[in-house]
Amino acid sequence: MKHDLVTRIVGRVLVLLESADAPSDPEWDRCLGLLAEFRDDFSRVKVLVITAGGGPTPPQRRRLSAVTQEHSVHVAVVSDSMRVRFIVASAALFLREIATFRRAEIAMAYRHLGLDPAEQRAVEIAVQEMTDQLGSSRA
């Protein structure tokens, strides 16, 4: 079965790989469940989003805000989509440590998250594995 959102925790990085479509509510809820595991100290997690243009719907963003409860979470969103930049701008209202990067700027996204070379490589391997689970509009 193909998905619009595939999530995985890789060390201290929560990786989200998204198609061009919005995630289903069950996919989004799984992602929020993984993020909520860090609720006692969000500084322990970094979030890397790689998307072909999909992103959470307004109700899904409200649920994200409820999970983070105005706490600081480091997030890097990697996409060439202008739609995604709009979504990131709206999420920045409650996620102050969020930044967006083009696909060609993934190294900058890694720096924003403070990932060391070993973490970067582990994330890259995970993204390759996760790609097979993603729908036809791949990230």
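The values are calculated or read from the model by the stated rules, or taken from the named source; none is laboratory data. As the structure is a computational prediction, the values presented were derived from the model and not from experiment. A quick note on method: Cβ atoms are made from the backbone with ideal geometry, for glycine too, and the neighbour counts reach across all protein chains shown.
Residues considered: P117, P59. Of these, the only one that is farther than 20 Å from I9 by Cα, surrounded by fewer than 19 Cβ atoms within 10 Å (Cβ to Cβ) and at pLDDT 90 or above is P59. Residues considered: A118, A104, A126. Of these, the only one that is among the hydrophobic types (A, V, I, L, M, F, W, C), in a helix (DSSP H, G or I), farther than 20 Å from P26 by Cα and in contact (Cβ under 8 Å) with a residue 60 or more places away in the chain is A126. State all residues of segment 43-90 that are within 11 Å of the chain's Cα centre (by Cα) and assigned to a helix (DSSP H, G or I); if no residue qualifies, say none. Listed by number, the list holds a single entry, V88.
Scanning segment 86-102 for residues that are of a type outside the set (A, V, I, L, M) and either exposed (fewer than 14 other Cβ atoms within 10 Å of the Cβ) or farther than 18 Å from A52 by Cβ (or both) returns F86, S90, F94, R96, E97, R102. Only one entry in V78, V84, V10 is touching a Lys or Arg at 6+ places or on another chain (Cβ under 8 Å) and among the aliphatic types (A, V, I, L, M), namely V78. Is it the case that some residue within segment 24-36 is out of contact with any strand residue (DSSP E or B) (no Cβ under 7 Å at 6 or more places or on another chain), at pLDDT below 90, loosely packed, with under 14 Cβ neighbours inside 10 Å and small (G, A, S)? Within segment 24-36 (the criterion being out of contact with any strand residue (DSSP E or B) (no Cβ under 7 Å at 6 or more places or on another chain), at pLDDT below 90, loosely packed, with under 14 Cβ neighbours inside 10 Å and small (G, A, S)), the answer is no, since none of the residues qualifies. Residues being among the small types (G, A, S) and under 22 Å from L115 (Cβ atoms) are represented in segment 1-23 by at least one member. Which pairs do you get when a residue that is more than 18 Å from A109 (Cβ to Cβ) and of a type in the set (S, T, Y), found in segment 51-73, comes within reach of a residue that is outside any strand (DSSP E or B) and at pLDDT below 90, reach meaning Cβ atoms under 9 angstrom, with the pair 6+ apart or on two chains? Taking only residues 6 or more apart or on different chains, the pairs are S65/A91; S65/L93; S65/F94; S65/L95; T68/R39; T68/F42; T68/F94; T68/L95. In segment 62-80, the residue that is modelled with the highest pLDDT out of those that are among the polar types (S, T, N, Q) and surrounded by 15 or more Cβ atoms within 10 Å (Cβ to Cβ) is S79.
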